[in-house]
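Asker: First, the structure itself, so that you have it in front of you.
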Amino acid sequence: MAAKETLVMKFGGTSVGSADALVKAAQIVKDARAEYSRVVVITSAMSGVTNLLLDSASRAANGSVESLPAAESTLREKHFSAADSLIKDESLRESTKREIDSLIRALVDLCKAIAVLGEASPRAMDAVASLGERMSVRLLEAVIASAVIKSKAIESTAFIITNAHYQNAHPDFKITTEKTRAVLNPLLDEGIVVVTTGFIGATPEGGITTLGRGGSDYSAAIIGSVLPANDVWIWTDVDGVMTTDPRIVPSARTLPEITYSEIAELAYYGAKVLHPKTIRPVVDAGIGLRICNTFNPSHPGTRLIANTPFDSKARNGPQIVKAVTAIRSQRLITIEGRGMLGVPGVAARAFGAVASTKTSVPLITQASSEQSICFAVPSEAAEQVINALQNVFADEIKDEDIDRVWMTEDVSIITVVGVGMRHTPGVSGLVFTQLGDSDINIFAIAQGSSEVSISMVVDAADTESAVKALHGLIVASSKV
Ligand code: ADP
Ligand code: ASP
Ligand code: MG
């Protein structure tokens, strides 16, 4: 009898991205099955597939279907080469390939329909985006079955029920709990490993929805919290959550432990390693979360821990600034005018206008003089936000109470994170000096209300040097 009961494991795109990776993933499932009696495996699409699908749909919306044959053959080659080398049983191999092939043909049909209409609705985009996980789930299940593990593939549309907010759907936890338990428990109780799709769900009427880009992590948290599972493990392509993105600073180190509030800030401010929505369901349900490397499975990775009281003796330790992260492709929007001084409701109207464009605002600063409000929005939404602001403040602009509403070129938000910052005076000074010494100009600053993070807005061109400079601070403080 296995010592622990239920484990949910999610494999990211690179972790199922090739025959080599799939073999590693299947071995990880086998090892986990020896430790846990009930195992759910969640898969992303193979790496690059979701981008390729969405790109095909966007081109189709612009009337271009010329690239479809190339997309089809890329998808066939990617999935079939892995199937051919890993699925030994001929009938399983052929049926798996047939199912994947029919999903590839569904892509072609959807894109042709989109091209005829000349536009892709969010619902159509989700129907296209879902195909990646619907293909990979069949492949991974067959590979797991080939490793002689009793398993079954089920699409999560059968039990993750969401609202109709296509491309960023929100689960209905009540129905999802009932359905997930009803569909998965009988299989899990028989010792069958359930292999399911990340990223996707369905409306009560059966429309396929997605949970937002990178949403397979969130799927793992949803399924883990509603079963509930004892543990959720996120398998990715790096050794856990690191001091920064190792693509920017190759010497970045793994953080063996990270608190809820630190990971929340890191994920929110751009650390792609974990989708920001993953944290809350896992924390609320008191589930153990671990992030680990499919390509280095013996490495313990990062474990999420409860927010612990700060140890003041460790004041100069590495935990003051623990990690640094960046969100690129943002614009800073400023509303300014002396007529705004003391006028109630300006901020409310401004953010109401932003909300009407369905844009979320990652950072806000307000000068104490109340003569300006400044906030960041994703670059692709900036134009629309400016228009909405100009509309809502049309009278004030005419009366010159508001002088101008303007935006910068592309900027990045750089964030340093660490629970120790709350108790340590002078951290902002250190951070700003570090950037100043590297000749990096700071456009705006914000400190999270939890005081676990400080964010700075810098020019897009300074992104990497800012991250490197601030990472230097972590290295320096850990040597004290
Ligand atoms: P997956 O496909 O497994 O979900 P992602 O590409 O979404 O993987 O996330 C993993 C990537 O996140 C890493 O390859 C790394 O480049 C990037 N990353 C960004 N910030 C961090 C960080 N602080 N720690 C670890 N990885 C990070
Ligand atoms: N395949 C989806 C994406 O690329 C979801 C995920 O991988 O988490 O966004
Ligand atoms: Mg991811």
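The values are calculated or read from the model by the stated rules, or taken from the named source; none is laboratory data. Since the model is a prediction, treat every value here as computed from it, not as a measurement. Cβ placement follows ideal geometry from the backbone for every residue including glycine, while neighbour counts extend to all protein chains displayed. The area values use the complete protein model at the heavy-atom level, side chains included, leaving out ligands, DNA and RNA. Shrake-Rupley method; radii C 1.70, N 1.55, O 1.52, S 1.80 Å.
Asker: Only one residue in Ala220, Ala271 is within 14 Å of ligand 3 (Cβ to nearest atom), touching a strand residue (DSSP E or B) at 6+ places or on another chain (Cβ under 9 Å) and part of a loop (DSSP other than H, G, I, E, B), so which one is that?
Answerer: Criteria check complete, one pass: Ala271.
Asker: While we're looking at this one, here's another question. For the stretch 6-38, what are the residues that are farther than 15 Å from Ile144 by Cα, out of contact with any helix residue (DSSP H, G or I) (no Cβ under 9 Å at 6 or more places or on another chain) and open to solvent by 30 Å² or more (accessible area, probe 1.4 Å)?
Answerer: Scanning the stretch 6-38 gives a single hit, Glu35.
Asker: So in the stretch 39-76, with the set limited to residues that are among the hydrophobic types (A, V, I, L, M, F, W, C) and in a loop (DSSP other than H, G, I, E, B), which one is surrounded by the most Cβ atoms within 10 Å (Cβ to Cβ)?
Answerer: Ala45
Asker: Could you go through the stretch 90-99 and let me know if any residue there is open to solvent by 20 Å² or more (accessible area, probe 1.4 Å) and in contact (Cβ under 8 Å) with a residue 40 or more places away in the chain.
Answerer: Taking every residue of the stretch 90-99 in turn, at least one turns out to be open to solvent by 20 Å² or more (accessible area, probe 1.4 Å) and in contact (Cβ under 8 Å) with a residue 40 or more places away in the chain.
Residues are listed down the side, and each one gets a yes or a no for (1) at pLDDT 85 or above; (2) charged (D, E, K, R):
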{"position": "Arg290", "(1), (2)": "yes, yes"}
{"position": "Phe295", "(1), (2)": "yes, no"}
{"position": "Ser298", "(1), (2)": "yes, no"}
{"position": "Leu304", "(1), (2)": "yes, no"}
{"position": "Asn307", "(1), (2)": "no, no"}
{"position": "Phe310", "(1), (2)": "no, no"}
{"position": "Gln319", "(1), (2)": "no, no"}
{"position": "Val324", "(1), (2)": "yes, no"}
{"position": "Ile327", "(1), (2)": "yes, no"}
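Asker: Condition (residue is more than 16 Å from ligand 3 (Cβ to nearest atom), outside any loop (DSSP other than H, G, I, E, B) and of a type in the set (S, T, N, Q)) applied to the stretch 23-33: is it met by at least one residue?
Answerer: So far as the stretch 23-33 goes, yes, one or more of its residues are more than 16 Å from ligand 3 (Cβ to nearest atom), outside any loop (DSSP other than H, G, I, E, B) and of a type in the set (S, T, N, Q).
Listed here are the residues, each with its yes/no results for (1) surrounded by fewer than 19 Cβ atoms within 10 Å (Cβ to Cβ); (2) closer than 22 Å to Arg331 by Cα.
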residue	(1), (2)
Glu409	yes, yes
Gly426	yes, no
Met456	no, yes
Ser465	yes, yes
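Asker: May I pose another question? What do you reckon, is Thr433 out of contact with any helix residue (DSSP H, G or I) (no Cβ under 6 Å at 6 or more places or on another chain), among the hydroxyl-bearing types (Ser, Thr, Tyr), outside any loop (DSSP other than H, G, I, E, B) and open to solvent by 60 Å² or more (accessible area, probe 1.4 Å)?
Answerer: Considered against the rule, which asks whether it is out of contact with any helix residue (DSSP H, G or I) (no Cβ under 6 Å at 6 or more places or on another chain), among the hydroxyl-bearing types (Ser, Thr, Tyr), outside any loop (DSSP other than H, G, I, E, B) and open to solvent by 60 Å² or more (accessible area, probe 1.4 Å), Thr433 comes out as yes.
Asker: Check Ala461 against each of (1) surrounded by fewer than 20 Cβ atoms within 10 Å (Cβ to Cβ); (2) of a type in the set (Gly, Ala, Ser); (3) touching a Gly at 6+ places or on another chain (Cβ under 9 Å) and name the one condition it does not meet.
Answerer: So the condition that Ala461 fails would be (3).
Asker: Among the residues of the stretch 276-296, is any open to solvent by 20 Å² or more (accessible area, probe 1.4 Å), of a type outside the set (Asp, Glu) and over 24 Å from Val195 (Cα atoms)?
Answerer: No.
Asker: Select from the stretch 204-226 the residues that are away from ligand 1 (no atom under 16 Å from the Cβ) and open to solvent by 10 Å² or more (accessible area, probe 1.4 Å) and write down the one among them that is farthest from the chain's Cα centre (by Cα).
Answerer: Glu205
Asker: Look at the stretch 230-258 and say how many of its residues are more than 18 Å from the chain's Cα centre (by Cα), more than 10 Å from ligand 1 (Cβ to nearest atom) and open to solvent by less than 40 Å² (accessible area, probe 1.4 Å).
Answerer: 1
Asker: With the requirement that a residue be of a type in the set (D, E, K, R) and farther than 21 Å from Ala285 by Cβ, what does the stretch 165-194 give you?
Answerer: Listed by number, the list holds a single entry, Glu190.
Asker: Which of (1) surrounded by fewer than 18 Cβ atoms within 10 Å (Cβ to Cβ); (2) under 30 Å from Glu35 (Cβ atoms) is the odd one out, the single condition Val137 does not satisfy?
Answerer: Val137 satisfies all of (1) surrounded by fewer than 18 Cβ atoms within 10 Å (Cβ to Cβ); (2) under 30 Å from Glu35 (Cβ atoms) except (1).
Asker: OK, next. For the stretch 346-391, give me the residue count where each residue is in a strand (DSSP E or B) and polar (S, T, N, Q).
Answerer: 3
Asker: Answer with yes or no whether Phe393 is among the aromatic types (Phe, Trp, Tyr) and under 26 Å from the mean Cα position of the chain (by Cα).
Answerer: Considered against the rule, which asks whether it is among the aromatic types (Phe, Trp, Tyr) and under 26 Å from the mean Cα position of the chain (by Cα), Phe393 comes out as no.
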